[in-house]
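Read the structure below first, then the notes.
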Amino acid sequence: MPSLYLVSCRMFEDELVNIFEGEDENTRLLLIENENIEGIEKKLNEVSLDYEKISIEDVDSKLDPTDKFVVVLHLLEFALDADPDLLKEKVYMTIEENGERFDGVLVFYGLCGNVLGTIESDFAHLGIPVRILKDAEGNIVDDCICAAFGNRSAYVEAMSGEERGTGTYFLTPMQAANWKEMLVLAKLTPDPDNIEMTKMVFDYSGYKNVGKVDTGLCYEKKFDETVDDFASRFDFEKKLFEGSTKVADQCYHSIKKEIIG
């Protein structure tokens, strides 16, 4: 019974649901029950995907030797994104406490402030594959925005293709759905509903555009509407970027193949 422990930021909800939609009946999904699963549960239910909610303590009792392939998904909170050191501590602790129960670990994070770049070698002692999100060239993605571009070079090009002094605030579907919370976590503003103050901070930071990164996923129903509203609120020019799910897809299927053989 091959098993994969998937430790992920909530920001990858859509990519994860998309992956599981493409799986067959031989893949069994176990969802670790915590305060971070409300969004993904709603999406899994909307597309009629089977899953079981379990506590992390009950994992061993739920692993059935007759299963062809089991994925245990453990979603972590957004708040970690605001503090790279805390994020590293939580991700590492989660793997240290649970990783050895499984045949492989996939971390749905990027470098995230350069704190997760050595995670694969740091957990080599487990004797199982421990992988992090990388593009096809083998580069660890910077963050969830970088992953949504499909490869790091496309992301860097989008970032560096700006006129000097003109920045773009990127929104993926999940970033758009949670933009207020993300602005607070990033300490850009204590009150995202205070348009005047938030716009002042954006102006001071050099942001003039909002970049809509369309990954082609439709689990967040109001993506278009939310980006339009965001652009209107802060008087941003809207720029469109073609996104992709290939980083998430390729990394998942790569470690699955590594585990199953």
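The values are calculated or read from the model by the stated rules, or taken from the named source; none is laboratory data. Remember, it's a predicted structure, so these values are computed and weren't measured experimentally. Here Cβ is always computed from backbone atoms with ideal geometry, including for glycine, and neighbour counts include all displayed protein chains. Side chains included, ligands, DNA and RNA excluded: accessible areas come from the protein's heavy atoms. Shrake-Rupley method; radii C 1.70, N 1.55, O 1.52, S 1.80 Å.
Some values worked out for this structure:
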item	result
Residue identified as touching a strand residue (DSSP E or B) at 6+ places or on another chain (Cβ under 6 Å) and more than 30 Å from VAL130 (Cβ to Cβ) among PHE202, PHE236, PHE223, PHE170	PHE236
Within the stretch 88-114, considering residues that are hydrophobic (A, V, I, L, M, F, W, C) and modelled with pLDDT of 95 or more, the one nearest to the chain's Cα centre (by Cα)	PHE108
Inter-residue pairs, beta-carbon under 6 Å, first touching a residue at least 24 places away in the same chain (Cβ under 8 Å) and in the stretch 65-85, second of a type outside the set (A, V, I, L, M) and part of a helix (DSSP H, G or I), 6+ apart	LEU75/ARG10; PHE78/ARG10; LEU80/LYS90
Output for the stretch 10-47, where each listed residue is under 21 Å from GLU96 (Cα atoms) and either in a helix (DSSP H, G or I) or in contact with a Gly (Cβ under 9 Å, 6 or more places away or on another chain) (or both)	ARG10
Which listed residue is open to solvent by 30 Å² or more (accessible area, probe 1.4 Å) and under 14 Å from the mean Cα position of the chain (by Cα), from ASP142, ASP214	ASP142
In the stretch 48-87, residue farthest from ASN114 (Cα to Cα) [restricted to those that are in contact with a Cys (Cβ under 8 Å, 6 or more places away or on another chain) and part of a helix (DSSP H, G or I)]	PHE78
Positions within the stretch 169-211 being surrounded by fewer than 19 Cβ atoms within 10 Å (Cβ to Cβ), assigned to a helix (DSSP H, G or I) and touching a residue at least 60 places away in the same chain (Cβ under 8 Å), in sequence order	GLU181, LEU185
Within the stretch 86-109, tally of residues that are without any contact (Cβ under 8 Å) to a residue 60 or more places away in the chain, touching a helix residue (DSSP H, G or I) at 6+ places or on another chain (Cβ under 6 Å) and open to solvent by less than 50 Å² (accessible area, probe 1.4 Å)	1
